[in-house]
Amino acid sequence: MATGWKKPSDMPHDHHDHLSSSGHPYRADNDAPLTYWQTMEIALRELLVEKGVTSQAEIASQIDAMDARSPADGARVVARAWSDPAFRDRLLHDASAASREMGFDIGALRLIAVENTGDVHNIIVCTLCSCYPRNLLGLSPDWYKTREYRSRVVIEPRRVLAEFGLTLPDTTTIRVHDSTADMRYIVIPVRPSGTEHLNEAQLATLVTRDSMIGTAQARAPR
Amino acid sequence: MGGDAAGPLQQQNGRPVEHDFALWEKRVDALMVLMTTKGHFTVDGLRRAIEDMGPGAFETMSYYDRWIAAVNQNLVESGVYTLAELGEKMEQVARRGSTYGQASLAGA
């Protein structure tokens, strides 16, 4: 698109100088030199506000709502499934409805919970883009969105898991679930042994983000 | 994408790389959610614009670079504003300063 600006991509080979292969060169600093795409974000946002399409307050409030979501939300859902067999059944039947039951805003998404067992390990991915159960886990980690993860996890999941430090027995069946914009998955990890005496809140502290993506197991109790 | 050959995940301290989201990235995310919620375009429209960029975009643009470009393309296509308006606004923004903080805060 011609905006009268020279895009970074118009300059051949320049990316080798300042971009990593994963495409995540920009860290959280607001005092780094302004980029073309940041300039576009500011301009686009101000145009939308000027035209009354949205407001700065509405954008700020959307950011707050997203920041308030974290893997702790998903961990509460998993801990309840571990503690309450009837809830587990409802979660496996309709994860959107079961999560709403706990007060979580799932939007119009169809959320599907997949349960790990002693024999089956589930992993989620979005090979098309970066769909993620953000309503229960917050924003997705960088690696979830990389070409490396998205390309390889569907053909060599064991090698990818090894890069996360997770080695599963050869006898374990690995199921990889490919998300879409309207249908997203969350993994219910195996409840660690030695947790029979723990209550729901204590159990939730063992449920990590990666264990709900499937790139890790739940944490062992201390 | 799925099933294509690719290298190992980039590691840092023995784990795949992650970073905290910058304010501008959170704003892009919020704008995408708000604009699709209000019906100016769909998530499929976002993905179509990103796929049209071709595989080279993965090398030259960060994740949220691709998102803001795709959000912009969809908003122009749906007539929310014109490219000329955007170009003019981007020039104004760039004149405010050389960092995101300066360019974003002044006049926002």
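Can you tell which of A:L92, A:L44, A:L109 is out of contact with any Pro (no Cβ under 7 Å at 6 or more places or on another chain), free of Cβ contacts under 8 Å to residues at least 12 places away in the same chain and not basic (K, R)? Break it down stepwise before answering.
Numbers: A:L92 fails: free of Cβ contacts under 8 Å to residues at least 12 places away in the same chain; A:L109 fails: free of Cβ contacts under 8 Å to residues at least 12 places away in the same chain.
Testing whether each residue is out of contact with any Pro (no Cβ under 7 Å at 6 or more places or on another chain), free of Cβ contacts under 8 Å to residues at least 12 places away in the same chain and not basic (K, R) leaves just A:L44.
Go through the stretch A:164-178 and count every residue that is within 11 Å of chain B (Cβ to nearest Cβ) and within 12 Å of A:V153 (Cβ to Cβ). If you could, list the steps in order and put the result at the bottom.
The first filter runs over the stretch A:164-178 and keeps only residues within 11 Å of chain B (Cβ to nearest Cβ), leaving A:164-165, A:176, A:178.
Imposing the further condition that a residue be within 12 Å of A:V153 (Cβ to Cβ) reduces the set to A:164, A:176, A:178.
Result for the stretch A:164-178: 3.
For the stretch B:6-28, which positions are part of a loop (DSSP other than H, G, I, E, B) and either facing another protein chain (nearest Cβ under 7 Å) or touching a strand residue (DSSP E or B) at 6+ places or on another chain (Cβ under 7 Å) (or both)?
Within the stretch B:6-28, the first condition is being part of a loop (DSSP other than H, G, I, E, B), and the residues that meet it are B:6-10, B:13-14, B:17-22.
Within the stretch B:6-28, B:A6, B:G7, B:P8, B:L9, B:Q10, B:V17, B:E18, B:H19, B:D20, B:F21, B:A22 meet the criteria.
I want to confirm something. Restricting to the stretch A:29-85 and keeping residues that are closer than 19 Å to B:A22 by Cβ and among the aromatic types (F, W, Y), which single residue is farthest from the other protein chains (Cβ to nearest Cβ)?
In this case the residue turns out to be A:Y36.
Of the residues that make up the stretch B:8-18, is at least one in contact with a Lys or Arg (Cβ under 7 Å, 6 or more places away or on another chain) and on the phi < 0 side of the Ramachandran plot? First the steps, then the outcome.
Step one: of the stretch B:8-18, the residues in contact with a Lys or Arg (Cβ under 7 Å, 6 or more places away or on another chain) are none.
No - not one qualifying residue is present in the stretch B:8-18.
Determine which single condition A:S193 fails, assuming it passes every other condition in (1) among the hydroxyl-bearing types (S, T, Y); (2) touching a residue at least 40 places away in the same chain (Cβ under 8 Å); (3) outside any strand (DSSP E or B).
(2)
Right, A:R150: within 13 Å of chain B (Cβ to nearest Cβ) and in contact with a Cys (Cβ under 8 Å, 6 or more places away or on another chain) or not? Walk me through it before giving the result.
On the way: within 13 Å of chain B (Cβ to nearest Cβ): yes; in contact with a Cys (Cβ under 8 Å, 6 or more places away or on another chain): yes.
When the stated conditions are applied, A:R150 passes them.
Residues that are within 18 Å of A:Q56 (Cα to Cα): list the helices (runs of 4 or more DSSP H) wholly contained in the stretch B:30-108 that include at least 1 such residues. Full working, then the answer.
Working: elements: B:43-52, B:57-60, B:63-77, B:83-95, B:100-105.
Qualifying helices (runs of 4 or more DSSP H): B:63-77, B:83-95, B:100-105.
Residue-by-condition table, conditions (1) outside the structural domain of A:R209 (by TED's automatic domain parsing); (2) buried (at least 22 other Cβ atoms within 10 Å of the Cβ); (3) among the polar types (S, T, N, Q):
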position	(1), (2), (3)
A:I124	no, yes, no
A:R158	no, no, no
A:E163	no, no, no
A:L168	no, no, no
A:T173	no, no, yes
A:D178	no, no, no
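All but one of (1) more than 29 Å from A:Y144 (Cα to Cα); (2) at the interface with chain A (Cβ under 7 Å from one of its Cβ atoms); (3) without any contact (Cβ under 8 Å) to a residue 12 or more places away in the chain hold for B:G79; state the number of the condition that does not hold.
Unmet for B:G79, out of (1) more than 29 Å from A:Y144 (Cα to Cα); (2) at the interface with chain A (Cβ under 7 Å from one of its Cβ atoms); (3) without any contact (Cβ under 8 Å) to a residue 12 or more places away in the chain: (2).
Looking at the stretch A:30-146, what helices (runs of 4 or more DSSP H) fall wholly within it and have at least 1 residues that are modelled with pLDDT under 95?
On the way: elements: A:36-50, A:56-68, A:71-83, A:85-93, A:95-101, A:134-137.
Here the list reads A:56-68, A:134-137.
Before we move on, is A:A2 out of contact with any His (no Cβ under 7 Å at 6 or more places or on another chain), at pLDDT below 95 and within 22 Å of B:E18 (Cβ to Cβ)?
Numbers: out of contact with any His (no Cβ under 7 Å at 6 or more places or on another chain): yes; at pLDDT below 95: yes; within 22 Å of B:E18 (Cβ to Cβ): no.
So A:A2 fails the test.
If you scan the stretch B:29-46, which residues turn out to be surrounded by 14 or more Cβ atoms within 10 Å (Cβ to Cβ), out of contact with any Asp or Glu (no Cβ under 9 Å at 6 or more places or on another chain) and either touching a residue at least 12 places away in the same chain (Cβ under 8 Å) or more than 7 Å from chain A (Cβ to nearest Cβ) (or both)?
Answer for the stretch B:29-46, where residues must be surrounded by 14 or more Cβ atoms within 10 Å (Cβ to Cβ), out of contact with any Asp or Glu (no Cβ under 9 Å at 6 or more places or on another chain) and either touching a residue at least 12 places away in the same chain (Cβ under 8 Å) or more than 7 Å from chain A (Cβ to nearest Cβ) (or both): B:D29, B:M32, B:M35, B:T36, B:H40, B:L46.
Could you list, in sequence order, all residues of the stretch B:1-20 that are surrounded by 20 or more Cβ atoms within 10 Å (Cβ to Cβ) and within 18 Å of A:Y132 (Cα to Cα)?
The answer is B:P16, and nothing else.
Would you check which residues across the stretch B:47-65 are within 7 Å of chain A (Cβ to nearest Cβ), surrounded by 17 or more Cβ atoms within 10 Å (Cβ to Cβ) and out of contact with any Cys (no Cβ under 9 Å at 6 or more places or on another chain) and list them?
Residues of the stretch B:47-65 within 7 Å of chain A (Cβ to nearest Cβ): B:47, B:50, B:58-63, B:65.
Still in the list and also surrounded by 17 or more Cβ atoms within 10 Å (Cβ to Cβ): B:47, B:50, B:58, B:60-63, B:65.
Hits for the stretch B:47-65 are B:F58, B:T60, B:M61, B:S62, B:Y63, B:D65.
The values are calculated or read from the model by the stated rules, or taken from the named source; none is laboratory data. Bear in mind the structure is a predicted one, so any value in this text is a computation, not a measurement. Virtual Cβ from ideal backbone geometry, glycine too; neighbours counted across all protein chains shown.
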